[in-house]
Amino acid sequence: MDSVSQIALGSALAIATMGRRTAVWKAALWGAVAGTLPDLDVFIDHGNALANMVNHRGNSHSLLYLLLLSPLLGACIARLHGEGALWRRWAVAMALVLVTHPILDWFTIYGTQLLRPFSTEAYGLGSVFVIDPLYTLPLLLGIVLALGRKAFSGLRANRMGLVLSSLYLGWSVLAQQHASGVAQASLAAQRIAAPQLLVTATPLNTLLWRVVALGDTHYWEGYYSVFDQDGDMAWTRHDRGTALQALYAPQAPAVRLLADFAHDFVKLEQQGDDLYLSDLRMGSEGRYSFRFLLGSAADVAAGRVNIEQRALDFPLRQALGELWQRIWHKPD
């Protein structure tokens, strides 16, 4: 999730765990700090844009490593504030904050390596978008009330924020499962053979779902809104570039690297002399969030791969307008 959501979750959990045992502002502050810590790995350079993407949410998001860090962090905070008797409570608070960071990230589709060092598998449910105000706002409101009220009503408001945000995550999973069922029925009705199915929340909401059905050589993209009156989805068919992948993957390990990370939801395409590698999970056709220029076909064939991430450039206001319209209205 975005940094604001992680900060809000960290603060809310620390406040709920510490209660009135310490000043609310201390719990909120250190919850925010610990909620940010795992994402500091973005400052580590792994050599190129694709390697940076794949290694983000790696060791810094390991549940084991974060649990091991928690007692040390809790003891340091307790010592800093002269609250030695509370170090165990601080350790529990930091454990909750640190561990829930990668768990919340798991709800997005990006890919979080929760089980390092035992596995580099990148887990991503995709039931929420990386930024979702309906998840974050209850947490922020609860924190503000907890900071502003001396009575226990502030703590109750904070707990209510945690409950509401958690219920929203639960709703997102149920809505995703419903959309997945509709998509599978639609694919079967249209006799589209696609063994792998990806269902993800579209930006800023859990009402409209993007579906990518992956076949052997092509993929199909479709959208389903919970307000659609029927399950007759419209699909657009696109080439995955499997022939290009077979041709250039031996000389360009980056192709296999991204394919493994994205569970094969990638495409390789040639535009003019240049080869482009895209992650199909994030964005939409023609607007992929992670799209990499590998170089010219001749250079890649010779093993000279120079990876550059292409900036996502599209009219934001227009895209949000299209998104809003599609939530409420299904095209003819």
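The values are calculated or read from the model by the stated rules, or taken from the named source; none is laboratory data. All figures in this text were calculated on a predicted structure; none of them were measured in a lab. Every residue, glycine as well, gets a Cβ built from its backbone with ideal geometry; the counts of neighbours run over all protein chains shown. What goes into the accessible areas is simple: the full protein's heavy atoms, side chains included, and nothing from ligands, DNA or RNA. Shrake-Rupley method; radii C 1.70, N 1.55, O 1.52, S 1.80 Å.
What does the helix-only formula give at 222 nm for the chain: each DSSP H stretch with n ≥ 4 adding -39500 (n - 2.57), the total divided by the residues, and the result rounded to the nearest 500 deg cm²/dmol? Walk me through the numbers before you get to the answer.
Numbers: 11 runs with 161 residues, N = 332.
Per the formula, -16000 deg cm²/dmol.
So, with a 1.4 angstrom probe, what is the percent of accessible area on segment 6-55 that is carbon and sulfur?
On the way: 1290 of 1960 Å².
Carbon with sulfur: 66 percent of the solvent-accessible area.
Taking square-rooted eigenvalues a ≥ b ≥ c of the alpha carbon gyration tensor, is segment 55-122 rounded, prolate or oblate, where a/c under 1.5 means rounded and, failing that, a/b exceeding b/c means prolate? The partial results should precede the final answer.
Numbers: a/c = 3.50, a/b = 2.53, b/c = 1.38.
Prolate shape, in that a/c is at least 1.5 and a/b is the bigger ratio.
Run the quick spin-label model on Ala188 and Leu64: label points 7 Å from Cα toward the beta carbon, then report their separation in nm to one decimal.
4.0 nm
If you wrap a convex hull around the C-alpha atoms of segment 141-298 and split its volume per residue, what is the figure in Å³?
Values: hull volume 22.8 nm³, N = 158.
Enclosed volume per residue, from the Cα hull, is 144 Å³.
Output needed: percent of Cα pairs per 20 Å distance bin for the chain, bins running from 0 to the one holding the longest distance.
Values per bin, smallest distances first: 28, 52, 19, 1.
Where the convex hull is taken over the Cα atoms of segment 154-218, what is its projected area averaged over directions, in nm²? Display every interim value, and only then the final one.
Values: hull surface 21.3 nm².
For segment 154-218, averaging the hull's shadow over all directions gives 5.3 nm².
Can you grab the distance from the C-alpha centre of segment 101-160 to the C-alpha centre of segment 21-80, Å, no decimals?
That distance is 14 Å.
Gain in length, Leu115 to Val144, computed as 0.36 nm per residue apart minus the alpha-carbon separation, to one decimal in nm? Intermediate values should be presented prior to the final figure.
On the way: separation 29, 0.36 × 29 = 10.44 nm, distance 3.41 nm.
Full extension from Leu115 to Val144 adds 7.0 nm.
With Kirkwood's inverse mean 1/r over C-alpha pairs for Rh, give me the Rg to Rh ratio of segment 208-323, two decimals please. Show your work: numbers first, answer last.
Working: Rg = 15.7 Å, Rh = 15.3 Å.
Rg divided by Rh gives 1.02.
Magnitude of the Cβ-charge dipole of the chain, K/R +1 and D/E -1, about the Cα centre, nearest 20 debye?
Values: 26 positive and 26 negative charges, 357 e Å.
So the dipole magnitude of the chain works out to roughly 1720 debye.
Accessible area of segment 264-328 with a 1.4 Å probe: how many percent of it is carbon plus sulfur?
Details: 1650 of 3440 Å².
The C+S portion of the solvent-accessible surface of segment 264-328 is 48 percent.
Bin by bin, in steps of 10 Å, what percent of the Cα pairs in segment 29-77 do you find, going until the bin that has the longest distance?
Here the calculated profile for segment 29-77 is 23, 46, 24, 6.
Highest first, please rank the peptides 270-281, 318-329 by the mean number of other Cβ atoms sitting within 10 Å of their residues. Walk me through the intermediate numbers first.
Numbers: 270-281: 18.0, 318-329: 12.9.
Peptide ranking by packing, descending: 270-281, 318-329.
Using Cα atoms only, what is the angle between the long axis of helix 63-80 and the major principal axis of the chain, expressed in degrees (0 to 90) to the nearest 10?
30 degrees
Can you pull a Stokes-Einstein diffusion coefficient for segment 89-171 at 10 °C (1.306 mPa s), Rh from Kirkwood over Cα pairs, as a whole number of µm²/s? Spell out each step's value before the answer.
Values: Rh = 14.2 Å.
In µm²/s, the coefficient is 112.
I want to make sure I understand the PRE zone here: with the label point 7 angstrom from the Cα of Arg20 toward its beta carbon, which residues in segment 123-145 have backbone N atoms less than 17 Å away?
Once the point is set 7 Å along Cα→Cβ of Arg20, 145 turn out to lie under 17 Å by backbone N, inside segment 123-145.
How charged is the neighbourhood of Gln6? Take every other residue with its Cβ under 14 Å from the Cβ of Gln6, and add Lys/Arg as +1 and Asp/Glu as -1. All intermediate terms of the calculation are to be shown ahead of the outcome.
On the way: positive: Arg57; negative: Asp2, Asp39, Asp41, Asp105, Asp132.
With Lys, Arg at +1 and Asp, Glu at -1, the neighbours total -4.
Can you compute the FRET efficiency between Leu80 and Arg287 using 1/(1 + (r/R0)^6), with r the Cβ-Cβ distance and R0 = 51 Å? Round to the nearest 0.05.
On the way: r = 46 Å, r/R0 = 0.90.
So, using R0 = 51 Å, E works out to roughly 0.65.
What is the percent carbon and sulfur in the accessible area of segment 105-181, measuring with a 1.4 Å probe over the protein chains and ignoring ligands?
Working: 2830 of 3850 Å².
About 73 percent, which is the carbon plus sulfur part of the accessible surface.
Determine the shape class of segment 1-102: with a ≥ b ≥ c the square roots of the Cα gyration tensor eigenvalues, call it rounded for a/c under 1.5, and otherwise prolate if a/b is greater than b/c, oblate otherwise. Walk me through the numbers on the way to the answer.
Working: a/c = 2.67, a/b = 2.02, b/c = 1.32.
It is prolate, given that a/c is not under 1.5 and a/b is the larger ratio.
Please report the net charge: other residues with Cβ closer than 10 Å to the Cβ of Ala297, K and R +1, D and E -1. Present the calculation step by step, with values, prior to reporting the outcome.
Working: positive: none; negative: Asp273, Asp274, Asp299.
Summing Lys/Arg as +1 and Asp/Glu as -1 gives -3.
Return the equivalent ellipsoid semi-axes of segment 180-243 as a descending list in whole Å, where each equals the square root of 5 times an eigenvalue of the C-alpha gyration tensor.
On the way: eigenvalues 85, 39, 15 Å².
Gyration-tensor ellipsoid for segment 180-243: 21, 14, 9 Å.
How much length is gained on full extension from Ser3 to Val163, taking 0.36 nm per residue of separation minus their Cα-Cα distance?
On the way: separation 160, 0.36 × 160 = 57.60 nm, distance 1.99 nm.
Separation in residues times 0.36 nm, less the Cα-Cα distance, equals 55.6 nm.
Nearest 10 degrees, 0 to 90: what angle lies between the long axis of helix 316-328 and the longest principal axis of the chain (Cα atoms)?
Roughly 90 degrees, rounded to the nearest 10.
Which of rounded, prolate, oblate describes segment 46-193, given a ≥ b ≥ c as roots of the alpha-carbon gyration tensor eigenvalues and a/c under 1.5 marking rounded, otherwise prolate only if a/b is larger than b/c?
Oblate is the answer for segment 46-193, as a/c is 1.5 or above yet b/c matches or exceeds a/b.
Where only protein heavy atoms count, and the probe is 1.4 Å, what is the accessible area per residue for the chain in Å²?
48 Å²
Taking only Cα atoms, what is the 0 to 90° angle, nearest 10, from helix 24-36's long axis to the longest principal axis of the chain?
Value to nearest ten degrees: 30.
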